[in-house]
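In what follows, a structure is listed as structure tokens, so that the remarks can point back to it.
Read-outs: derived from the displayed coordinates by stated rules, not from any lab. For clarity, every value in this text was computed on a predicted model and none was experimentally measured. Cβ sites come from the backbone with ideal geometry, for glycine too, and all protein chains shown count toward neighbours.
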Amino acid sequence: MLKNDLFLRTLRGELTERPPVWFMRQAGRYLPDYMKLKEKYSFFDRVRQPELAAAITVMPVEQIGVDAAILFSDILVIAQALGMDVQMVEGKGPLLPNPIRTHADVMALRPQDTQTELAYAIPAIHAVKDALSERVPLIGFCGSPWTLLCYMVEGKGSKDFSIAKQFCAQNPELAHQLLDKITEASITYLKMQVIAGVNAVQLFDSWGGLLSPDWYRRFSLPYLQKLTNAIREEVPVILFAKGAWFALKDLSNTGASALGLDWITPAAFARDVCGPETVFQGNLDPSILLADVKTVQEETLKMIRSFGHAKHIVNLGHGVLPQTPVDSAKAFVETAKAFEYGHTANLK
Ligand code: CP3
């Protein structure tokens, strides 16, 4: 039995004594122990070797005190599973040297190989669960099909993903075939994660906000809906669609358990759009963690209060920045853990 199930109780919509806290990219480059492993092993070794994935996943639980762990991996493992070459280039980010551009490129992708290609995730998740020994829940994840398409067509990170959007504008039918293949592989992968023991999943639509509302409904939402439908009866699903404030109502109608918010979306706006029952996750600007501890505490408190007295998971509005001081990350987490909702008496 889980010793700390605050995160899962919040996802079920229960009233809790305080908000749970974890943050995106919590196992990463701001942690000195992560940097030591990074010197010795390549990114995909760290993802694939169970003892490395486990050591990295539990670091923020032990060193920062978060209420949930997130599996150390990357959304781009789906592109690999489909047959693409994916490299992590130091200082530059992901590189896919042979991006998808033609009908033949899409046809060559093999969602039927997902189980074999991602088989390493099962022993990795088992090792993480052992290392966690029921201290906190484990979050699994995958990217949204739209965000995967962005990288698979563009071939690298980009400010506007204009090649990916051009591909969709010129070949909408082919884009949908590609999105279908990514969706199929992602559902297989999420189900593998659930069977191996993850307690919840988050779908990262990091580039959803690059789409117009109309295009969001065409190229992103239907696929997020398929993933959510396939998983929500097994574990709670969190949808994080960065910049897609215009789609909040649609996202809340998917049946997901919680919606992640970035810092440009005010809590009051999100509550107005979705109503009082929706559980939100977020949304401190990660740059605030670059300030002194006192500022971090004040801004974190302000952010927690903006969500009211329930139905909130404390998180950043996007991934933690690599130059974040460890003490600021701790101050963020400790501020959430010291917060009391005030209706604790009613819970007993
Ligand atoms: O949150 C966690 O701690 C779990 C691990 C995790 C990573 N990537 C590890 C990683 C998760 C959940 C991701 C998701 C991911 N990957 C997203 C969605 C979330 C988001 O940030 O928008 C995206 C868009 C990617 C693609 C990706 N992977 C990029 C753009 C980069 C390079 C930029 C960067 O932050 O370094 C990566 C590499 C990556 N994924 C690193 C880590 C810790 C850094 C590489 C390294 O340490 O060697």
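Quick notes on this structure:
- Kirkwood Rh and Cα Rg combined as Rg over Rh, evaluated for the chain: 0.95
- Only beta bridges with both residues in the chain are counted; by DSSP, about 15 percent of them are antiparallel.
- Using only side-chain charges placed at the Cβ, +1 for Lys and Arg and -1 for Asp and Glu, the dipole size of region 6-347 relative to its Cα centre rounds to 180 debye.
- All aspartates and glutamates inside 16 Å of Lys330 as judged from Cα atoms, apart from same-chain residues fewer than 8 positions distant: Asp33, Glu62, Asp67, Asp285, Asp292, Glu298, Glu299
- Of Ile313, Ile195, Ile64, the one that fluctuates the most in a GNM where the chain has Cα springs shorter than 10 Å: Ile195
- Every Cα-Cα pair in region 268-348 was counted, and those over 14 Å apart are 63% of them.
- The ellipsoid that matches the Cα gyration tensor of region 241-280 has semi-axes, each √(5λ) in whole angstrom, of 14, 11, 9, with the longest given first.
- Here is how the number arises for the chain: DSSP H runs of 4 or more residues each give -39500 (n - 2.57), the sum is divided by the residue count, and the result at 222 nm is -13500 deg cm²/dmol.
- Taking all pairs of distinct alpha-carbon atoms in region 1-72, Kirkwood radius in angstrom: 13.3
- Entry note: region 7-124 has Rg to Rh equal to 1.05, where both radii use alpha-carbon atoms and Rh is the Kirkwood radius.
- Taking the Cα atoms of region 114-201, the ratio Rg/Rh between the radius of gyration and the Kirkwood radius comes to 1.10.
- In this simple spin-label approximation, Glu173 and Ala310 carry label points 7 Å from Cα along the Cα→Cβ vector, and these lie 5.1 nm apart.
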